[in-house]
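For reference, the structure is listed below as structure tokens.
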Ligand SMILES: Nc1ncnc2c1ncn2[C@@H]1O[C@H](COP(=O)(O)OP(=O)(O)O)[C@@H](O)[C@H]1O
Ligand SMILES: [Mg+2]
């Protein structure tokens, strides 16, 4: 399963990514969780201890590694290898916690900026490798934009999961994302709501989202805010959000099989 999670800032993407990563790992699956948001904070949602996270360098900051792998010589305009070897990087540069291997990408190249420096080449190639060659569960926690995924990478994503909250603004962002997704060849877009509180919210979401692709909700839950404040993973607090995440996971699994009969 290759899952990319996106949506408006603050809707609950990272919280959901952390819950799902831990839920897949608890099932015995090998999970690679990729923090692809420049404002990286997936580690705490997974529960990676702060000292272990502090020792981790984002891939995009590894200039020497990027130069070595791409064969780039110093200096502007030098030629370098565009498909550097990356197969060993997930093991070497991830931190493992409760069966989840966390990789932090750092700032990723945004399409159209024209920058093709070795670091960006390495990050792009690594993303493509994770999504295309790997048999693991790969969960990408992204920012709202999906442009930087690029067509080649996007084609290997099984599902683009857009997180929304009950409100017009995050739905507007979701619609923009859906249009962009179609542009880069990503057709399987599903929705999950977070911070859902009561009947009015549920009715609003049911009216706004396509029923067949609305795969579940996380309720507005004090415990999630408590977890954030205490610096622990929501998954480790147990409670309603874990049950809700498991229900979402079940629907994701069913959906990805239905949508892709030949899925990896
Ligand atoms: N279902 C929820 N109930 C209550 N608080 C939530 C919920 N989901 C997320 N939050 C809180 O909202 C804030 C943003 O969540 P986060 O997952 O970091 O969003 P994003 O990754 O989309 O920016 C955090 O403080 C988080 O604890
Ligand atoms: Mg986030």
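Tell me, which helices (runs of 4 or more DSSP H) wholly within segment 33-72 include 1 or more residues that are more than 15 Å from ligand 1 (Cβ to nearest atom) and surrounded by fewer than 24 Cβ atoms within 10 Å (Cβ to Cβ)?
50-54, 63-70
Let me confirm something: among 174, 181, which residue is buried (at least 20 other Cβ atoms within 10 Å of the Cβ), without any contact (Cβ under 8 Å) to a residue 60 or more places away in the chain, in contact with a strand residue (DSSP E or B) (Cβ under 8 Å, 6 or more places away or on another chain) and part of a helix (DSSP H, G or I)?
That would be 181, the only listed residue that is buried (at least 20 other Cβ atoms within 10 Å of the Cβ), without any contact (Cβ under 8 Å) to a residue 60 or more places away in the chain, in contact with a strand residue (DSSP E or B) (Cβ under 8 Å, 6 or more places away or on another chain) and part of a helix (DSSP H, G or I).
Can you name the number of the only condition in (1) at pLDDT below 90; (2) farther than 25 Å from residue 135 by Cα that residue 50 fails?
Result: residue 50 passes all but (1).
For segment 4-14, enumerate the residues that are near ligand 2 (Cβ under 8 Å from one of its atoms) and touching a strand residue (DSSP E or B) at 6+ places or on another chain (Cβ under 8 Å).
Across segment 4-14, the qualifying residues are 13, 14.
Looking only at residues that are touching a helix residue (DSSP H, G or I) at 6+ places or on another chain (Cβ under 8 Å) and at pLDDT 95 or above in segment 245-264, which one is nearest to residue 156 (Cα to Cα)?
Among them, the one singled out is 252.
Please enumerate the residues belonging to segment 196-222 that are over 24 Å from residue 254 (Cα atoms), within 22 Å of the chain's Cα centre (by Cα) and touching a residue at least 24 places away in the same chain (Cβ under 8 Å).
Selection gives 220 alone.
The values are calculated or read from the model by the stated rules, or taken from the named source; none is laboratory data. Note that the structure is a prediction, hence the values are computed from the model and not measured. Backbone-built Cβ (ideal geometry, glycine too); neighbour counts: all protein chains shown.
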